[in-house]
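Have a look at the structure below, then the notes.
Any read-out appearing in this document is the output of simple, stated calculations on the displayed coordinates, not a laboratory observation. Since we're looking at a predicted model, the values are computed, not measured. Heads up, the Cβs are rebuilt from the backbone with ideal geometry, glycines too, and the neighbour counts pull from every protein chain shown.
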Amino acid sequence: MAKLTKRQKAQSAALEGKENLSVEEAVALIKQNATSKFDETVEIAMNLGVDPRHADQMVRGTVTLPAGTGKTVRVGVFARGAKAEEAEAAGADVVGAEDLMEQVQAGNINFDRCIATPDMMPIVGRLGKILGPRNLMPNPKVGTVTMDVKEAIEAAKGGQVQFRAEKAGVVHAGIGKASFDEAALAKNVRAFVDAVTKARPAGAKGTYMKQVSLSSTMGRGVTVDVVSATGND
């Protein structure tokens, strides 16, 4: 078994017995233990009482975090003509049609968010096996298949986060950086939890939100009191 480093031992000691904390307590603890040389991402994981293999239990959506993500998001847009020009003017990092499709097929994916106008979907559809597993496939349900490419680009670059339940019913996302102040991170946590709460599908039965936890990129996770996370405390 690999030996724990001094930093890992210190983290373990600091988190020992810390469970079901308030959002503010959890955020403070995560920040305190994010001691890597880079600015770690603060991540949230939510265990939901759903089985996303059933269509009526899928959880997905978007949320614009009030304090942003602290991450520079590269946006790729599939569009032609005036919409391509609109995308370039709005700050898209990559814009194209068949040429962009060929780049993606060649393995050159130079974007973190993919947006497409509806007329581009026959082209984008050919890339499903490449973009789908990377959670980059444009989808009208999350506003990435749209004629309003300017708004979509601004949202993507302005702190919008997409979420989708995985097979085990877990939703996770980055909700800021360890360098953010505690109040900003707490606002982002509650905004994310609120969005997931509102995205509860019709087929969800029983307890919807089973557990919420926070961690940093290199740190251990701590569980957060669900009532505190929903802002109902």
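Can you give the FRET efficiency to the nearest 0.05 for ASP39 and ASP225, using r as the Cβ-Cβ distance and R₀ = 30 Å?
Efficiency, rounded to the nearest 0.05: 0.65.
How high is the FRET efficiency from GLU88 to ARG134, r the C-beta distance, R0 25 Å, rounded to 0.05?
With a Förster radius of 25 Å, E is 0.60.
Counting only C-alpha contacts under 8 Å and six or more residues apart, can you give the relative contact order of the chain as a whole percent?
39
Only one of the values (i) 17.8; (ii) 19.1; (iii) 18.4 was calculated from this structure for Kirkwood radius over Cα pairs in Å; name its label.
(ii)
Give the share of C-alpha pairs in each 5 angstrom bin for segment 75-157, from 0 to the last occupied bin, in whole percents, shortest bins first.
In whole percents, the pair-distance histogram is 3, 18, 33, 27, 16, 3, 0.
With a sphere of radius 15 Å drawn around the Cβ of ALA183, what net charge do the other residues whose Cβ falls strictly inside it have (Lys, Arg +1; Asp, Glu -1)?
Summing Lys and Arg as +1 and Asp and Glu as -1 gives 0.
What nm distance separates the two modelled labels at GLN211 and GLU102, each placed 7 Å from Cα along Cα→Cβ?
Reported label-point gap for GLN211 and GLU102 is 5.0 nm.
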